[in-house]
């Protein structure tokens, strides 16, 4: 997953959880400007700890998987949501 795609997914998850960027800033310590840049793909590099803090607040975690492997049934079902 590219950083731009990750940012879009974070934005979707934040909105699904009815959090504002200010809420995320307050509880994660990541400033709102950085959150906005991540969500809109305007940042070339971001610390993994920042992304981890944001995802943790949203109830998610980073995961590693083999590149170009077929998607699992669970991943395909998640895409339908």
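The values are calculated or read from the model by the stated rules, or taken from the named source; none is laboratory data. All of these numbers come straight from a predicted model, not from anything done at the bench. As a convention, Cβ positions derive from the backbone with ideal geometry for all residues, glycine included, and neighbour counts pool all protein chains shown.
Taking region 30-51 only, how many residues are at pLDDT 85 or above and surrounded by 13 or more Cβ atoms within 10 Å (Cβ to Cβ)? Here the count works out to 12.
The residues of region 9-29 that are at pLDDT 95 or above and buried (at least 16 other Cβ atoms within 10 Å of the Cβ), listed by number, are 10, 11, 13, 14, 19, 21, 24, 25.
Condition check ((1) over 12 Å from residue 6 (Cβ atoms); (2) within 15 Å of the chain's Cα centre (by Cα)) across all residues:
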| site | (1), (2) |
| --- | --- |
| 39 | no, yes |
| 53 | yes, yes |
| 61 | yes, yes |
| 64 | yes, yes |
| 72 | yes, no |
| 76 | yes, no |
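For residue 54, the requirement of being at pLDDT 95 or above and either under 18 Å from residue 16 (Cβ atoms) or touching a strand residue (DSSP E or B) at 6+ places or on another chain (Cβ under 7 Å) (or both) is met. Pairing residues of region 25-39 that are under 14 Å from residue 56 (Cα atoms) with residues that are outside any helix (DSSP H, G or I), at Cβ distances under 8 Å and at least 6 apart in sequence or on separate chains, gives 25/31.
For region 60-81, enumerate the residues that are part of a helix (DSSP H, G or I) and under 27 Å from residue 35 (Cα atoms). Selection gives 75, 78, 79, 80.
Residues that are surrounded by 11 or more Cβ atoms within 10 Å (Cβ to Cβ), without any contact (Cβ under 8 Å) to a residue 40 or more places away in the chain and touching a helix residue (DSSP H, G or I) at 6+ places or on another chain (Cβ under 7 Å) within region 58-81 comprise just one, 62.
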